[in-house]
Amino acid sequence: MSKILRYFGAAFEDEFNSSTLKEPQNHVDIASSSLDIPQERVSYVPSGIGRGTKKYVKTPISGSGNVVHPVDIHSVGFWLKATLMEYAYTELTTGSGELNKHEFIGTDDAMPISFVSYVGKDIKEEYYTGCVVESLEFSFSDNVVQITANVVYADGSKRALKAKEDLNLEDLFPIAMHEVTAKINGIDKSRKIQELTITISNNPSIEAGQTIGSRTTRRIVLGERTVNISATYYYEDDEETELFENEQTFSLEVDFVSGEGTLHFEFPNCIYEGLTTPVSGRDSITQSATIRALEGSVNYNGTQVQSDIYAVLNNAKGEIL
């Protein structure tokens, strides 16, 4: 009888879809994962003789899926680097008692940072090479803040499952919803934000790397980066309605504070795409908002730059390699 043992680990590749597997430094306990060995591996040959299918050919392979797990102040750094790619590290712990500083902004580079992923599935471990983040979502709608990382990848296979004692799991509590606050135009609006979702999309193309001479894609190319936020507000004033009706831009800041460190998101220039205020009987009224982040000025690694998103993570971990 197999035991329940499901985990995730990842490591950045030295080159895209490398056959040399790098081992993860840490593992995370996952809520779910749809990552799987690439499907749709054959195509059937058309025929004009009879009614039955006679032959098949092997087709280009690739895969896509997701990983869902609670956000903790250590493991989140890997996903931010894999998604945004522009990364600066400042070591502050040595002799100072302070936390190390990790800064991230969205890069304009169309060639992504790739990684290899590992998922434990009770009786085997599957691994996926040439992984690229399609989108990264932070969801604040329940007691625990969760990440959903949607990933595309070049290939996948399997190997022996790790023993539980061989996993390097962080002994951290995940970030709870009450440890999150948000500001609009510098004013704390946490009192009325009931739900919040941040989605960073890279819009990658696997097809751009499909060429003759290889079943697996030779590269994955990134398209437009979009940063979207959706929110549910308890309806107590028309402050957000006025921003929406006047098509006014605003800044949004989201902060996570835990016992092990902090994570700060800054969206310097945002606009409401939609803001609805439905009513139903005597139920309390809520507003549903959709927000698009635009480029604006942020202070990244001591320099003012243009970006639609800036994140700074403070924790006791070293440089994300």
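Only the coordinates and a few stated rules stand behind these numbers; no lab work does. What you see is a predicted model; the values in this text were computed from it and never measured. When we count neighbours, we look across all protein chains shown, and the Cβ atoms used for this are built from the backbone with ideal geometry, even at glycine.
The table that follows gives values for the structure above.
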item: LYS3-ILE49 pseudo-label distance in nm [points 7 Å out on the Cα-to-Cβ vector]; result: 5.7
item: Backbone N under 16 Å from the VAL257 label point (7 Å along Cα→Cβ), restricted to the stretch 97-123; result: 99
item: Estimated 222 nm signal from helices in the chain, with DSSP H stretches of n ≥ 4 weighted -39500 (n - 2.57), rounded to 500; result: -1500 deg cm²/dmol
item: Proximal aspartates and glutamates relative to LYS22, as straight alpha-carbon distance under 12 Å, when same-chain residues fewer than 8 apart are discounted; result: GLU13, ASP14
item: Extension gain, ASP14 back to GLU239 (0.36 nm per residue minus Cα-Cα distance, nm); result: 76.1 nm
item: About the Cα centre, charge dipole magnitude for the stretch 80-178 (Lys/Arg +1, Asp/Glu -1 at Cβ), debye; result: 360
item: Two-site FRET efficiency, ASP108 against VAL279, from Cβ-Cβ distance with R₀ of 35 Å, rounded to 0.05; result: 0.20
item: Extended-chain gain in nm, criterion 0.36 nm per residue less alpha-carbon gap, SER297 and PHE173; result: 41.3 nm
item: Cα gyration tensor shape for the stretch 275-316, rounded if a/c is under 1.5, else prolate or oblate; result: oblate
item: Theoretical gain in end-to-end length, LYS158 to ILE37 [0.36 nm per residue, Cα-Cα removed]; result: 42.7 nm
item: Calculated P(r) tail over 17 Å for the stretch 1-102, as whole % of Cα pairs; result: 73
item: FRET efficiency estimate (nearest 0.05) - Cβ-Cβ, TYR56 to THR249, R0 45 angstrom; result: 0.25
item: Sparse-neighbour loop sites [GluC sites (Glu not before Pro); the stretch 1-72; at most 11 other C-beta within 10 Å; DSSP]; result: GLU15, GLU40
item: Among MET111, TYR233, ILE206 - extreme Cα towards positive end, dipole of the chain, charges at beta-carbon; result: ILE206
item: Among [x] 26.1; [y] 21.7; [z] 23.4, the entry derived from the coordinates for mean projected area of the Cα convex hull in nm²; result: [z]
item: Pairs of Lys in the stretch 111-250 closer than 27 Å at Cα, counting only those 8 or more apart or on different chains; result: 7
item: Loop trypsin sites (Lys or Arg not before Pro), the stretch 214-321 (other Cβ atoms within 10 Å of the site Cβ: 11 or fewer; DSSP); result: ARG282
item: Cα-based shape type of the stretch 237-321, given that a ≥ b ≥ c are square roots of the gyration tensor eigenvalues and the cut on a/c is 1.5; result: oblate
item: Which of TYR128, TYR89 has the fewest Cβ neighbours within 10 Å, and the rest in rising order; result: TYR89, TYR128
item: Gap separating the Cα centres of the stretch 251-321 and the stretch 60-114, nearest whole Å; result: 16
